[in-house]
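Every number here is computed from the coordinates shown, using simple stated rules; none is lab data. Not measured: the values here are computed from a predicted model. Backbone-built Cβ (ideal geometry, glycine too); neighbour counts: all protein chains shown.
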Amino acid sequence: MDKLVIEGGTPLRGEVRISGAKNAALPILFASLLHAGPNKIANLPKLVDIRTTFALLIELGVGIRKDAEGASIVDGSTLLSDTAPYDLVRKMRASTLCLGPILGRTGHARVSLPGGCAIGSRPIDQHLQGFEQLGAKIELTGGYIEATAPGGRLKGGRVIFDLVTVGGTENLLMAATLAEGKTILENCAREPEIIDLADALRSMGAHIRGDGTSVIEIEGVDALGAMDHTVMPDRIEAGTYMAAAALTHGDVLLQGARLRDLDAVMSKMAMAGVEVRREGSGLRVRHHGELHAVDVDTSPHPGFPTDLQAQFMALMARSSGSCTITENVFENRFMHVPELTRMGADIKTRGNTAFVRGVDELTGATVMATDLRASATLVIAGLAAKGTTEVLRIYHLDRGYETIEEKLAALGGKVERQSQ
């Protein structure tokens, strides 16, 4: 098992290219199942979760190859199975996003109950209730979800989510594109990745409006054509490098990062004294001097993203003053706190709130990564710490960050991957 060894104290400087967004790429890959033919998807990040998705698609009979420009050609004409097995789904929670496309296209889907990061229960009952509103019969047997559309096709209907759910919005959005008649989804997630998925579906001929708002309308069609889509840049990766640049008193240009995807993060960064401005096709982030303590409450988009809560906490650990960080999305997302305290951070938790008192210095330590975003947090804390930090169990990191040690090294960070 690999680990990262980090020598802290060097400001990050230079340019880094922001990769395609994992959280957009995964549903878009599964959306390719809606078309019985080849689909072109560009700017896919090179991540473990993408390889897991490829493996699942291949298990279903889908053909995958690269074209001359490096885009992935995902061919659904050879779909052989409507079953997503436990051995693959357990590795990645997003695998359940194949349920909507398979059910929408074939009228039947059998998908294992999911796995993924241990950061909360994240139930999929909202997905299943939505499918039932579109006429599907749902059974849970032997650890599998079995969904059947009587007559072989879903019926358009009205779905009101009890709570905002990104995965539920994506799953129902994909399924509804091939349902008979109009579907209205209410209390939808509004994340930029939802808009990117809708853009990919529109490239296939889907009739969708309202994405990016709380109400999405889909007029079902009899069949969809080929997808031709370029995945959006990863706003969470961009936010992570923003935090790393600020924490190390650096000056970094994030090539490809989009300002409109990061409004809530930009606001908090500005309050903390970090300069972020548009430059060319990206964003420049620089910081010198003291960081100011800023309170943060996570919430669904357009609020502050839960996927950047841990990284911002590392930033606040070096601030002047005290602040609170309240996690309102996942109930078990403070597992990075004990590891940051091992590095000298002064953080106490009570319920879903962390109380952070800034310290003058973080010190290197051996720390354990517990989930994807916690992993990145420990890496950026190590970059700013005095001495050597070893981050263990970095397989989480490889699920969501493309060649992070190479990108950081190119910015001057002293980061090395080693085998344990």
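Quote the charge dipole size of segment 22-230 about the Cα centre in Debye, to the nearest 20; the model charges only the Cβ of Lys and Arg (+1) and of Asp and Glu (-1).
Once rounded to the nearest 20, the dipole reads 300 debye.
Using a Cα-Cα cut-off of under 30 Å, which lysines could be cross-linked to K137, ignoring same-chain neighbours fewer than 8 residues away?
Qualifying lysines at Cα under 30 Å: K91, K155, K182.
Indicate the gyration tensor shape class of segment 314-373 (rounded, prolate or oblate), computed on the Cα atoms with a ≥ b ≥ c the square roots of the eigenvalues: a/c under 1.5 is rounded; otherwise a/b larger than b/c is prolate and the rest oblate.
oblate
Arrange the following residues from fewest to most other Cβ atoms within 10 Å of their Cβ: L254, L47.
Ascending number of Cβ neighbours within 10 Å: L47, L254.
With a 10 Å Cβ neighbour count serving as the proxy for reagent exposure, in which order, fewest first, do M204, M316, M335, M92 appear?
The order, fewest Cβ neighbours first, is M335, M204, M92, M316.
How tilted is helix 166-176 with respect to the longest principal axis of the chain? Cα atoms for both, answer in degrees (0 to 90, nearest 10).
Taking Cα atoms only, the helix is inclined about 20 degrees.
Is segment 1-143 rounded, prolate or oblate when judged by the Cα gyration tensor, a ≥ b ≥ c being the square roots of its eigenvalues, rounded requiring a/c under 1.5 and prolate requiring a/b larger than b/c?
Because a/c hits 1.5 or more and a/b fails to exceed b/c, segment 1-143 counts as oblate.
Only Cα pairs under 8 Å and at least 6 apart count here; give the relative contact order of the chain as a rounded whole percent.
Result for the chain is 21 percent.
Rounded if a/c is under 1.5, else prolate if a/b beats b/c, else oblate: with a ≥ b ≥ c from the C-alpha gyration tensor eigenvalues square-rooted, which is segment 22-230?
rounded
Of all DSSP beta bridges in the chain, what percent run antiparallel (nearest 5)?
70
Among I64, N43, A206, whose Cα sits farthest toward the positive end of the charge dipole of segment 22-230 (+1 at Cβ of Lys/Arg, -1 at Cβ of Asp/Glu, about the Cα centre)?
Among I64, N43, A206, the one farthest towards the positive end of the dipole of segment 22-230 is I64.
What does the charge dipole of the chain about its Cα centre add up to, to the nearest 20 debye, if the Cβ of each Lys and Arg holds +1 and the Cβ of each Asp and Glu holds -1?
Here the size comes out at about 280 debye.
Counting only DSSP beta bridges with both residues in segment 22-230, what percent are antiparallel, rounded to the nearest 5?
If we restrict to bridges inside segment 22-230, about 70 percent are antiparallel.
Hey, how many Å between the Cα centroid of segment 45-64 and the Cα centroid of segment 278-328?
33
Would you work out the relative contact order for segment 22-230, in percent, from Cα pairs under 8 angstrom that are 6 or more residues apart?
20
Arranged by the count of other C-beta atoms within 10 angstrom, fewest first, what order do D222, D196, D162 take?
If I rank by nearby Cβ atoms, fewest first, I get D222, D162, D196.
On a 0 to 90° scale, report how tilted helix 372-384 is relative to the longest principal axis of the chain, with both axes built from alpha carbons and the result rounded to the nearest 10.
Value to nearest ten degrees: 20.
5 Å is the cut-off here: which amide hydrogens, built 1.01 Å from N in the peptide plane, fall below it relative to T230, excluding neighbours closer than 5 in sequence?
Long-range HN contacts for T230: A42.
Take every Cα pair under 8 Å in segment 244-303 that's 6+ residues apart, average their separations, divide by the length, and report that relative contact order as a whole percent.
Across segment 244-303, relative contact order equals 41 percent.
Please report, in cubic angstrom per residue, the volume enclosed by the convex hull of the alpha-carbon atoms of the chain.
In the chain, the Cα convex hull volume per residue is 127 Å³.
Angle check, please: helix 48-59 long axis (alpha carbons) against the longest principal axis of the chain (alpha carbons), in degrees 0 to 90, nearest 10.
Relative to the chain, helix 48-59 is tipped by roughly 20 degrees.
Calculate, in whole percent, how much of the Cα-Cα pair population of segment 143-239 lies beyond 24 Å.
Of all Cα-Cα distances in segment 143-239, 23 percent exceed 24 Å.
What is the distance in Å between the Cα centroid of segment 167-211 and that of segment 339-402?
36
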